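Trainee: What follows is a single structure, and I will ask about it in a moment.
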Amino acid sequence: MLLDIARAILAQPTAPFHEDAVRAEILMQLAQCPHVTTELDDFGNVIACYRRGTGEARYAFAAHMDHPAYVGGEFLGGVPVEYREKNPPLRDFGAFAMWDLPAFELRDGRIFSRACDDLIGCAAMVALFHELERAGAETCVHGLFTRAEEVGFVGAIRLAQSGRVPKTLTVVSLETSSEKGGPAQMGAGVIVRVGDRTSIFDDAATASLLDAAQRAEIPVQRCLMSGGTCEATAYQLYGYRSAGLCVALGNYHNCGPDTQIASEFVSVDDVAGMVRLMVAATTGAPAADPHAALRARLEAGVASYARFTEPPV
């Protein structure tokens with residue numbers, strides 16, 4: 001299911017402000033889920049909600065639908081000029097052009113694509129909704145599919161400013177993040193991202209995700225991933241409790257070795273782990289105190305040295 005969803009979404013061309021094909025595919029995929037409702041805001045972001053039962057939502061997962069590309073002859077997105085000045089081949093899609101690279105290839109347990117960032121995040125979120133439907137999960141969760149992230153979080157900021165997403169929700173940004181942006185290793189598990197290049201995310205929200213992973217026995221990595229800034233920072237600036245999940249990304253923004261444009265790539269197992277962790281966080285009982293285990297461990301250490309810390313008589 002995950003690979004089928006990823007193949008369908010990554011097949012759609014996209015660019016900042018031109019996410020129509022990706023959005024249409026996402027809406028078509030979500031229309032197959034009876035307990036998911038969707039709506040568009042005034043900017044064209046997609047707000048989805050899975051609801052079954054009477055429970056209140058705790059999370060809104062977020063991913064963006066665009067990728068760096070040429071729009072009207074102008075390049076939108078962060079790709080260094082030394083890559084672009086080599087004039088790598090382009091594929092024209094009318095209003096915009098993308099690098100002429102395969103949309104989806106599966107090799108050696110990895111997905112290669114012209115646009116893993118952040119269509120993989122979108123695919124993982126769609127897979128979450130399908131998995132909740134398959135399991136008949138009694139829960140509620142929101143999904144935010146945003147536009148024009150690559151030019152400054154335009155869609156996320158418009159959505160945050162609108163107030164359409166309740167501040168009671170924890171917004172978890174889903175990303176593919178440069179493998180060079182931290183100590184994470186591709187294939188070693190989904191990354192619970194404690195922060196990005198410009199901010200640190202909510203500690204309690206991060207601890208809750210780590211607690212959910214531990215209880216579900218899901219391999220995770222806990223890393224800063226400072227190679228770029230993600231939407232968790234944007235939502236946090238507008239008063240939302242934010243956290244981040246990502247998978248390690250190779251050839252970030254198609255920047256391959258020797259200043260050559262190349263396909264981005266991610267580990268299938270890492271993406272599957274991201275979906276599993278979203279399911280666990282959404283369906284599991286919230287930890288009363290996500291810091292309890294760490295506090296208990298530290299207090300046990302203190303107790304073991306009581307003979308040195310007793311006050312003098």
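Trainee: Which FRET efficiency value, to the nearest 0.05, do you get for residue 151 and residue 11 by plugging their Cβ-Cβ distance into 1/(1 + (r/R0)^6) with R0 = 22 Å? Before the final figure, lay out the partial values.
Mentor: Details: r = 23 Å, r/R0 = 1.06.
Here the calculated transfer efficiency is 0.40.
Trainee: Among 101, 128, 174, determine the one that fluctuates most according to a GNM of the chain built with springs between C-alpha atoms less than 10 Å apart.
Mentor: 101
Trainee: Expressed as a whole number of Å, what is the distance separating the alpha-carbon centroids of region 1-77 and region 183-234?
Mentor: The distance from the Cα centre of region 183-234 to that of region 1-77 comes to 22 Å.
Trainee: Which option, (i) 1.08; (ii) 0.98; (iii) 1.01, is the value of Rg/Rh (Cα atoms, Kirkwood Rh) that was calculated from these coordinates?
Mentor: (iii)
Trainee: Taking every DSSP beta bridge with both residues inside the chain, roughly what % is antiparallel (nearest 5)?
Mentor: Numbers: 32 of 54 bridges.
For the chain, the DSSP antiparallel bridge percentage is about 60.
Trainee: Give a quick list of trypsin sites (Lys or Arg not before Pro) in region 63-135 that DSSP marks as loop, anything other than H, G, I, E or B, with at most 15 other Cβ atoms within 10 Å.
Mentor: Details: sites: 84, 86, 91, 107, 110, 114, 134; in loops: 86, 114.
Answer by residue number: 86.
Trainee: In a Gaussian network model over the chain where Cα atoms closer than 10 Å are linked, find which of 118, 92, 108 has the largest mean-square fluctuation.
Mentor: Maximum among the listed residues: 108.
Trainee: At most 11 other C-beta atoms within 10 Å and a DSSP loop state: those are the exposed GluC sites (Glu not before Pro) I care about. Give me the longest piece of the chain that has none. The partial results should precede the final answer.
Mentor: Values: sites that count: 56, 85, 217.
Answer - 86-216.
Trainee: Please list 219-228, 204-213 highest first by mean number of surrounding beta-carbon atoms within 10 Å per residue.
Mentor: On the way: 219-228: 19.0, 204-213: 22.3.
Packing proxy ranking, top to bottom: 204-213, 219-228.
Trainee: Continuing with the same structure: For the chain, find the longest principal axis of its Cα atoms and tell me its angle to the long axis of helix 292-304, 0 to 90°, nearest 10.
Mentor: Its long axis makes an angle of about 40 degrees.
Trainee: Once you have the Cα-Cα distance between residue 295 and residue 85, take 0.36 nm times their residue separation minus that, and quote the gain in nm to one decimal.
Mentor: Working: separation 210, 0.36 × 210 = 75.60 nm, distance 5.37 nm.
Contour length minus Cα-Cα distance gives 70.2 nm.
Trainee: How far is helix 268-283 tilted, in degrees, relative to the longest principal axis of the Cα atoms in the chain, given as a value from 0 to 90 rounded to the nearest 10?
Mentor: It is inclined by approximately 50 degrees.
Values in this text are rule-based calculations from the coordinates and carry no lab data. Given the structure is predicted, the values throughout are model-derived calculations rather than measurements. Quick reminder, even Gly has a Cβ in these numbers, built from the backbone with ideal geometry, and neighbours come from all protein chains shown.
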